[in-house]
Every structure is written in structure tokens, then in C-alpha cells.
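The values are calculated or read from the model by the stated rules, or taken from the named source; none is laboratory data. Note that the structure is a prediction, hence the values are computed from the model and not measured. Don't worry about glycine lacking a Cβ; one is built from the backbone with ideal geometry, like all the others, and counts go over all protein chains shown.
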Amino acid sequence: MIKVLFVCLGNICRSPLAEGIFNHKIRKYGLENKFESDSCGTSDYHIGELPDDRTLKCASKYQIPINHRARQINRVDLRESHYLIAMDFSNKRNIESLLEKHRIKHDQLFLIREFQPGAEELEVPDPYYGGEDGFEKVYQILDNSIEHFLEHLKQSQNIYV
Ligand code: 4NP
């Protein structure tokens, strides 16, 4: 089983939505026995909380089930996740610092938008302080990026379905 971990700051907006979209797609493509995903935040701000209401509303609009409580990234995540997928540069830098601190070598740390063809920028914008339109934009970015990320995963794992 290949483990994918989506990481943002609070783990209530972007990364739980990314996890939900990823899980929805692997079910759609019958790949649940190959991949699994989880999400977490670099901060401790919202530990134990449900996703933001705006995240849940956006996910339900697209029939994406989300069943998640916010949690903070830990050393086991860094050791056991095959892919560490950050939403923005700050998340990625935080993960790099943690890897250094724990002396862990990891060669599959990416920004999710590295997989989005023709991405106009490399960050998934933080929607927390904005309105619902920001969540819609995040959804569109994640849906497109994750579709291509899955293609990358299938190719690198030699899965032809
Ligand atoms: P997320 O969004 O990192 O996508 O979950 C945020 C959630 C909370 C905060 C910032 C971003 N906050 O500052 O509390």
C-alpha cells in the first residue's frame, strides 16, 4: 500500500479536502487496494476539530465524503508516508525542517501543484480568511492537480488501469 499524506497549515481547509478528493478518485478508479491517503497540519491550531464549515459545504457540493479530525504532523507521518504533499511553500519548508530535525531522508516531498499541468502558480492559496469563492477555487485546483498526481502515481508504480 502506497501512503500519501496531504499537508497544510491548519488541517481544516485545504488538506482534508485534498484527502477527500484523492480518496474519492481512487474509489472511482478501483485503486483502493494500491493507495491510501491521510491529511494533517503543520500547526497545532485546530487539533481535534472537524473541517471548516466552508470546506464541508464545498465537499458536499461535489459529493466528496470527508470524515476527518484535524491533527498535527508527527515523526511517524514523516517516516511512514511514501509521498508528502504540501499545499504551499511554507508547508513544504516546515516539513523540510522537521525532516532535518529528525534526520529523516525523504525524496518524495512535493507541492501538489507541481502535478498540475500549466499551473499559473505553485501554491494552493490559503482560503481561511476569505469567502466561499476561495474554497471553490481551491477545489478546482485540487481536483485538477490530484487527477494528474494520480496519473503520476500509477506510472511510477507501473499500474495500468
Ligand atoms: P488550512 O487553512 O491550512 O488550509 O487548513 C488554515 C486554517 C486555519 C488557519 C490558517 C489556515 N489559522 O490560522 O487558524
Q) Just a yes or no: is a residue in the stretch 24-37 within 16 Å of the ligand (Cβ to nearest atom) and touching a residue at least 12 places away in the same chain (Cβ under 8 Å)? A) yes
Q) Exactly one of (1) more than 13 Å from the chain's Cα centre (by Cα); (2) over 23 Å from L98 (Cα atoms); (3) in a loop (DSSP other than H, G, I, E, B) is unmet by G48. Its number? A) (2)
Q.
Restricting to the stretch 129-161, and then to whatever is of a type in the set (S, T, Y) and buried (at least 17 other Cβ atoms within 10 Å of the Cβ), can you tell me which residue is nearest to Q63 (Cα to Cα)?
A. Y139
Q: Please work out which one of (1) more than 14 Å from the ligand (Cβ to nearest atom); (2) touching a residue at least 12 places away in the same chain (Cβ under 8 Å); (3) under 13 Å from the mean Cα position of the chain (by Cα) is the condition V138 fails and give its number.
A: (1)
Q: Give the residue, chosen from E151, E114, E120, E147, that is more than 14 Å from the chain's Cα centre (by Cα), in a helix (DSSP H, G or I) and among the acidic types (D, E).
A: E151
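Could you say whether any residue in the stretch 135-145 is of a type in the set (G, A, S), over 12 Å from F6 (Cα atoms) and at pLDDT 95 or above?
For the stretch 135-145, residues of a type in the set (G, A, S), over 12 Å from F6 (Cα atoms) and at pLDDT 95 or above: present.
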Q: Check I21 against each of (1) within 13 Å of the ligand (Cβ to nearest atom); (2) assigned to a helix (DSSP H, G or I) and name the one condition it does not meet.
A: (1)
Q) Taking the condition within 26 Å of Q155 (Cα to Cα), away from the ligand (no atom under 16 Å from the Cβ) and at pLDDT 95 or above, does K61 pass? A) no
(Q) Condition (residue is within 15 Å of Y128 (Cα to Cα) and either at pLDDT below 95 or not in a helix (DSSP H, G or I) (or both)) applied to the stretch 75-82: is it met by at least one residue? (A) no
Q) Taking the stretch 1-10 as the region of interest, how many residues are over 9 Å from the mean Cα position of the chain (by Cα) and near the ligand (Cβ under 8 Å from one of its atoms)? A) 2
